[in-house]
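I have placed the structure first, in the form of C-alpha cells, so that the comments after it can refer back to it.
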Amino acid sequence: MPPHRATAPADTAVIGLTTALILARRGYRVHVVAKNLPEDDLDQDWSSPWAGANWCPFGAEERVCRWETESLARLRELIPMGLAMPLPVLRYAPTDAGLHKHWYENVVTNYRRLDPAECPNGGVGVAFESLSVNAPVYLKWIEAQCRALGVTIVRGDVAALADVVKPTTRVVVNATGLGSLTLTDVLDAAVEPIRGQIVLVRAPKVKRCVMDSSRAHIDPTRSTYIIPRPNSGGVTICGGCYEVGSWERAPDPALSRRILEECLAHVPELSADGTVEGMDVIRECVGFRPSRAGGPRLEREDRAVRGRRVAIVHAYGIGPAGFQASWGMAKDAADLVAGAVLDAEAAQLKARL
Ligand SMILES: Cc1cc2nc3c(=O)[nH]c(=O)nc-3n(C[C@H](O)[C@H](O)[C@H](O)COP(=O)(O)OP(=O)(O)OC[C@H]3O[C@@H](n4cnc5c(N)ncnc54)[C@H](O)[C@@H]3O)c2cc1C
C-alpha cells in the first residue's frame, strides 16, 4: 500500500465512511476518528441512522445533481445484496418548481408527469422508479468494507481538527456534519440543523414510496413521506417535517399523529384496519439533517498545523441528501485528497533537491 496517510478525523457516518472506503480502495492508508460509530443507531448526535434513506432529489444545483446521479448508480449495485430495494415513487409538489426542473427524468426509470387530477391539493406530481437503503444496516456494511481494507476506526470526540493531526498525517477529511458548527478550528456559522420527525411503522405490505410536499407553499416545514426500509422485517418510515434551525430532540405527539394520518391517506396498507389505531407503531424519532446555508462545503484548505503544512478537505453540509449524494460527494472529496497528497509529495521532493 502506498505510504500515504489520509485521516478522516471525525466521521463514521455516510459521507466520511464512503470517502474512507473510496480512499482505501485507491490504496491510501486511512484512519477514522468519530464520536458516533454505526452501532450507535439510536443516537441523535448524528444524522445518518435516521435517514429514510431513499433517492429523491431536493434541488437542481449542478454539482449535487452530479453527486446524486453517480450515487444512484452505486446504490443500484446494492440491490442484489438486499442492501437497497427498488421502489416505485409518487412525488407531489405545489408547483413545477418543486420538481426541480425534472433534471432526473432520464436518470431514473419510467419517469412520468402526472395528470393534475392524480395530484393532491391542486399541485403537480411525477411517478418514477427509485430505491431505498436501510441506513443503519448499510452504515455497518460500509464500515465492514472499510475495515476489510485496513481502515482503522476509533471512537473519539474531537475538539479541533488539529487534534487528529499526527506526524504522518498529510490530509484530514472533515466530514463532521453538524459538528462543523462547534469544532474550534472550523466554527462554520452557516451550518444548521433541519429537524426531521419520523414514525417507524411495521407494515410489510407497503412496497411503494410517496413524497408529498404539496402543502409546502402554505407551510414550508410540512412534508409527508412514506419510505419502506429494505431488509428490516417490514419497517416503513413515515415522515415528516423540515424544521430549519430547530434542535428540539423530543418528538411532538401531535405532529406524529398528523404524520400517521397523512401517510395513511396516501398508503392504506400502513394499517391493518384503515385507522391510525390499527397501525403497528414501533417508535417515534427525531433526527437532524446536517445542512448549511449556501450549500454543502466541499473544498480543500491548506493550513499550518504545529509548523507543518496539512491539507484539510471539508465535506459536510449535505442536509437532506446525504445518502443519495454520498458516492458522488465522497468521490470528489477523495479526488481532493489525492491532489493534496500529490502536492505534498512534490513539495517534499523539491525540498530534497
Ligand atoms: C429524518 C431524516 C430523514 C432523512 N432521509 C434521507 C433520505 O431519504 N435520503 C437521503 O439521502 N438522506 C436523508 N437524510 C439525510 C441524511 O441522513 C444526511 O444527509 C446524512 O446522514 C449526512 O451524513 P454526514 O456523514 O454528512 O453527517 P452525520 O451522519 O451527521 O455524521 C457526522 C459524523 O461526524 C461525527 N462528529 C461530529 N462532530 C464530531 C466531533 N467533534 N468529534 C468526533 N466526531 C464528530 C459524528 O459522530 C458522525 O460520525 C435524512 C435525515 C433525517 C434526519
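The values are calculated or read from the model by the stated rules, or taken from the named source; none is laboratory data. None of these values were measured; they are calculated from a predicted model. So basically every Cβ, Gly included, is an ideal-geometry build from the backbone, and we count neighbours across all protein chains shown.
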Requested in this report: Output the residue which, of all residues in the range 304-317 that are in contact with a helix residue (DSSP H, G or I) (Cβ under 8 Å, 6 or more places away or on another chain) and surrounded by fewer than 16 Cβ atoms within 10 Å (Cβ to Cβ), is nearest to M329 (Cα to Cα).
Outcome: R309
Query raised in the report: In the range 159-217, how many residues are charged (D, E, K, R) and surrounded by 23 or more Cβ atoms within 10 Å (Cβ to Cβ)?
Result: 2
Query raised in the report: Would you say A73 is farther than 18 Å from G295 by Cβ, among the small types (G, A, S) and assigned to a helix (DSSP H, G or I)?
Result: yes
Query - Per-region count, the range 217-234, residues under 24 Å from E129 (Cβ atoms), in a loop (DSSP other than H, G, I, E, B) and either of a type in the set (A, V, I, L, M, F, W, C) or within 15 Å of the ligand (Cβ to nearest atom) (or both) - result: 3
Query raised in the report: Which pairs have Cβ atoms under 6 Å, sit 6 or more apart or on different chains, and link a residue in the range 142-158 that is within 17 Å of N36 (Cβ to Cβ) to one that is charged (D, E, K, R)?
Result: D157/K35
Requested in this report: May I ask you to say which residue of L270, L264 is away from the ligand (no atom under 16 Å from the Cβ) and free of Cβ contacts under 8 Å to residues at least 24 places away in the same chain?
Outcome: L264
Requested in this report: Could you tell me whether V133 is surrounded by 20 or more Cβ atoms within 10 Å (Cβ to Cβ), within 24 Å of A93 (Cβ to Cβ) and within 11 Å of the ligand (Cβ to nearest atom)?
Outcome: yes
Query - Residue check, A333 away from the ligand (no atom under 14 Å from the Cβ) and of a type outside the set (S, T, Y) - result: no
Query raised in the report: Name the pairs: first residue in the range 40-53 and of a type outside the set (A, V, I, L, M, F, W, C), second residue within 8 Å of the ligand (Cβ to nearest atom) and part of a loop (DSSP other than H, G, I, E, B), Cβ to Cβ under 6 Å, at least 6 apart or on different chains?
Result: D43/N36; D45/N36; S48/A13
Query - Qualifying positions in the range 273-295 - out of contact with any strand residue (DSSP E or B) (no Cβ under 7 Å at 6 or more places or on another chain) and touching a residue at least 40 places away in the same chain (Cβ under 8 Å) - result: G294, G295
Query raised in the report: Can you tell me which residues in the range 214-230 are over 19 Å from the mean Cα position of the chain (by Cα) and more than 14 Å from Q197 (Cα to Cα)?
Result: S214, R215, A216, H217, I218, D219, P220
Requested in this report: Could you grab me the full set of residues in the range 205-216 that are outside any strand (DSSP E or B) and aliphatic (A, V, I, L, M)?
Outcome: V206, A216
Query raised in the report: Would it be correct to say that W67 is in a loop (DSSP other than H, G, I, E, B) and in contact (Cβ under 8 Å) with a residue 12 or more places away in the chain?
Result: no
Requested in this report: Output the residue which, of all residues in the range 252-302 that are of a type in the set (S, T, N, Q) and within 24 Å of the chain's Cα centre (by Cα), is nearest to I226 (Cα to Cα).
Outcome: S256
**Report entry** The one condition in (1) surrounded by fewer than 21 Cβ atoms within 10 Å (Cβ to Cβ); (2) closer than 16 Å to S213 by Cβ; (3) under 21 Å from the mean Cα position of the chain (by Cα) that G122 fails to fulfil
**Finding:** (3)
**Report entry** Among (1) hydrophobic (A, V, I, L, M, F, W, C); (2) surrounded by 16 or more Cβ atoms within 10 Å (Cβ to Cβ); (3) at pLDDT 95 or above - the single one A250 does not satisfy
**Finding:** (2)
Requested in this report: Give T109, T169 a once-over and let me know the one that is polar (S, T, N, Q), away from the ligand (no atom under 15 Å from the Cβ) and farther than 22 Å from V305 by Cβ.
Outcome: T109
Report task. Within the range 24-35, identify whether any single residue is in contact with a Leu (Cβ under 8 Å, 6 or more places away or on another chain) and free of Cβ contacts under 8 Å to residues at least 60 places away in the same chain, and answer yes or no. Result -> no
